[in-house]
Amino acid sequence: MTALGFLYPGHFAEDDYPRIEQLLGSDIRVELVHTDIGEDAHRVDALRETGSADRLAQGMEGLRLAGAETVVWACTSGSFVHGWEGAQEQVRNLARVAGMPASSTSFAFVHAAREIGVRRVAVGSTYPEEVTALFAEFLRAGGLEVTGARSSGIVTAAEVGTWGEEDVLTLARAADAADAQAVLLPDTALHTAAHLSLLEKALSKPVLTANQVTVWEGLRLADRRVNAPTLGTLFTRQPLVQV
């Protein structure tokens, strides 16, 4: 049994995690601890506070007691708003406090894109344009080419959490571009676990979503690979392709 730990801010799309655990159909246990989100606002200052060291440290005791072997900060915007270097420092601090391998959803997107062998990506974002631009900048720092970024301008994670399948599909289609090898949907407040097969079929290309890549990143840290095609191309155990 491998126990993966996740620090998830607030209560929005956390039900994606037990769904993913079920779809993995393996000896994987997903342990989720909620952190205090502070102000629910897709604004740079509020997002930096959401991912502060103190808030993350407060959630670690619950993961230790659960026997987690790895920890991922399950928040895209609460990591990339610190920039590439700042997000690295955030993860290093988390690893020191946790005493276990650590990462965040922002890095998960970069690692997942490399895993499936894509370099050119399109972004479909729920965030306002200013925050979306920071995510695109983060991806470029990770060696990816962003062919375009679509912003929905949503201010709160609470609103994002109400989106259904059709909303998610509309966003992905609007973001897609002919020269993009994959479409990325950042925001762990967005329900996507149940829609991955539909998204990839509709776009005819890999789709990487926040909660999906977050769990995959936990598995990567634990040196595990699981074949679960209903969770998209990322979980088909394709060999790593260097790009």
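Readers should treat all values here as calculations from the given coordinates under stated rules, not as data from a laboratory. Nothing here was measured: the structure is a model prediction, and the numbers come from that model. A quick note on method: Cβ atoms are made from the backbone with ideal geometry, for glycine too, and the neighbour counts reach across all protein chains shown.
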Apply the Kirkwood formula to the stretch 2-235: the hydrodynamic radius equals the inverse of the mean of 1/r over all pairs of different alpha-carbon atoms; give it in Å with one decimal. 17.1
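Mind listing which trypsin sites (Lys or Arg not before Pro) in the stretch 70-178 are in a DSSP loop and have 14 or fewer other Cβ atoms within 10 Å? Working shown, then result.
Working: sites: R92, R96, R114, R119, R120, R140, R150, R173; in loops: R119.
Counting only loop positions with at most 14 other Cβ atoms within 10 Å, the trypsin sites (Lys or Arg not before Pro) in the stretch 70-178 are R119.
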Projecting the Cα atoms of A189, A172, G143 onto the charge dipole of the stretch 2-235, where Lys and Arg contribute +1 and Asp and Glu -1 at Cβ, the residue farthest towards the positive end is G143
Ranked by GNM mean-square fluctuation in the chain (Cα springs under 10 Å), the top entry among S77, S204, S103 is S204
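When only C-alpha pairs under 8 Å and at least 6 residues apart count, what is the relative contact order of the chain, in percent?
Values: 505 pairs, mean separation 57.7, N = 243.
24 percent.
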The stretch 1-124 - percent relative contact order, Cα under 8 Å, separation 6 or more: 26
What is the Cα centroid distance between the stretch 102-132 and the stretch 187-232, reported in whole angstrom? 12
Name the residue, out of A98, A74, A210, whose mean-square fluctuation peaks in a Gaussian network model built on the chain with Cα pairs under 10 Å. A98
Distance in nm between pseudo-label sites at Q22 and A133 (7 Å out along the Cβ direction from Cα): 4.2
Taking the alpha-carbon centre of each part, the distance from the stretch 1-54 to the stretch 137-177 in Å is 19
Which of A228, A66, A178 ends up with the largest GNM mean-square fluctuation for the chain, with Cα atoms connected below 10 Å? A178
Using Cα pairs closer than 8 Å and at least 6 residues apart in sequence, work out the relative contact order for the stretch 99-243, in percent. 31
Residues whose modelled amide H sits under 5 Å from the amide H of A3, counting only those 5 or more places away in sequence or on another chain, are R29, E69
